[in-house]
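Q: I'd like to ask some things about the structure below.
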Amino acid sequence: MTWVWILLVAALTIGGMLWLGKLPAAARPLAGAAIMLGLAGYALQGSPSLPGKPVAAPEEPEGFGEAITDQRQGMADRFGPAAQWLGMSDGFARMGNTEAAAKTLEGGLAKYPDNVDLWVGLGNALAAHGGGVMSPAAALAFDEAAKRDPSHPAPPFFAGLALAQGGDLNGAERVWSQLLARSPADAPWRPDLEMRLAQLRQALGPQLPAETPAAVPPADVPN
C-alpha cells in the first residue's frame with residue numbers, strides 16, 4: 001500500500017511539472033530522471049513495511065557540572081541590553097562554535113563595558129572554549145563581573161560551576177559555600193545552588209583533618 005501512495009505522489013509531481021509548471025520539453029527528461037532516481041534510492045534504502053518506533057530523546061543527567069540554560073536561574077536580565085548578545089552567544093555555543101560565542105560577547109562588552117551579565121557570559125564562553133576548564137581568561141572575566149557588582153550572584157555561581165567542570169571541586173565548594181551563606185532564603189537560584197553544593201560535597205567525600213606534627217620528646221637534660 002505504501003508503494004501505491006509513493007507512485008501516486010510521483011505521478012502527481014510529474015503531472016504538476018508538465019501542466020501546471022509548464023516545464024520546457026527539453027527539461028522534462030532530466031526532471032523525470034531525477035524523480036526516478038529518488039524512487040530507486042528509496043527502493044534500495046527505505047523500509048516502509050517496518051512498524052514505526054519513536055525514540056525518546058535521552059535525558060541529560062543532572063549534576064554540579066551541568067550548564068544552566070533555563071533563564072540563568074533568575075541571575076541575568078532577560079530583557080536588558082545584554083539579552084540579545086547572550087542569546088546570540090548561546091546560539092553559537094549550541095552549534096559548537098565556542099570561539100564565535102566568546103567573540104559575540106566581546107562585541108557586546110565593547111558597547112556595554114560595565115554589564116555584569118555580559119562579563120559572566122564571557123567567562124562561561126571562555127571556559128567552554130577551553131574545554132570546560134577555568135582558564136586565566138575565564139577567571140579574569142568572572143573577576144571583572146564581580147568587581148562591577150559584588151552582590152550579584154551570577155559571578156560566583158558560574159565561577160564555581162567552571163571550577164567544578166574543570167575538576168577543582170574544592171575551589172568550587174569554597175566559592176559556592178560563600179554564595180549560599182549570603183543568598184536570601186527566597187532567592188530563585190538558592191534551591192539549585194543547594195542541590196549542586198550537596199552533590200559536590202558528596203563527590204568530595206569525607207575530608208581528612210590536616211595532620212598535626214608529632215610531638216617531639218624533650219631532649220635529655222644532663223644532671
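Q: If Ala187 satisfies every condition in (1) outside any helix (DSSP H, G or I); (2) surrounded by fewer than 17 Cβ atoms within 10 Å (Cβ to Cβ) but one, which is the exception?
A: (2)
Q: Separate question: Do we find that Arg174 is farther than 22 Å from Leu86 by Cα, within 17 Å of the chain's Cα centre (by Cα) and part of a helix (DSSP H, G or I) in this structure?
A: Details: farther than 22 Å from Leu86 by Cα: yes; within 17 Å of the chain's Cα centre (by Cα): no; part of a helix (DSSP H, G or I): yes.
Spelling it out, it is not the case that Arg174 is farther than 22 Å from Leu86 by Cα, within 17 Å of the chain's Cα centre (by Cα) and part of a helix (DSSP H, G or I).
Q: Which of the numbered conditions does Leu180 fail, given that it passes all the others? Conditions: (1) within 16 Å of Asn124 (Cα to Cα); (2) at pLDDT 90 or above.
A: Among (1) within 16 Å of Asn124 (Cα to Cα); (2) at pLDDT 90 or above, the lone unmet condition for Leu180 is (1).
The values are calculated or read from the model by the stated rules, or taken from the named source; none is laboratory data. Treat the numbers as computed from the prediction; the structure is a model and nothing was measured. Counting neighbours? That spans all protein chains shown, and the Cβs are built from the backbone with ideal geometry, glycine included.
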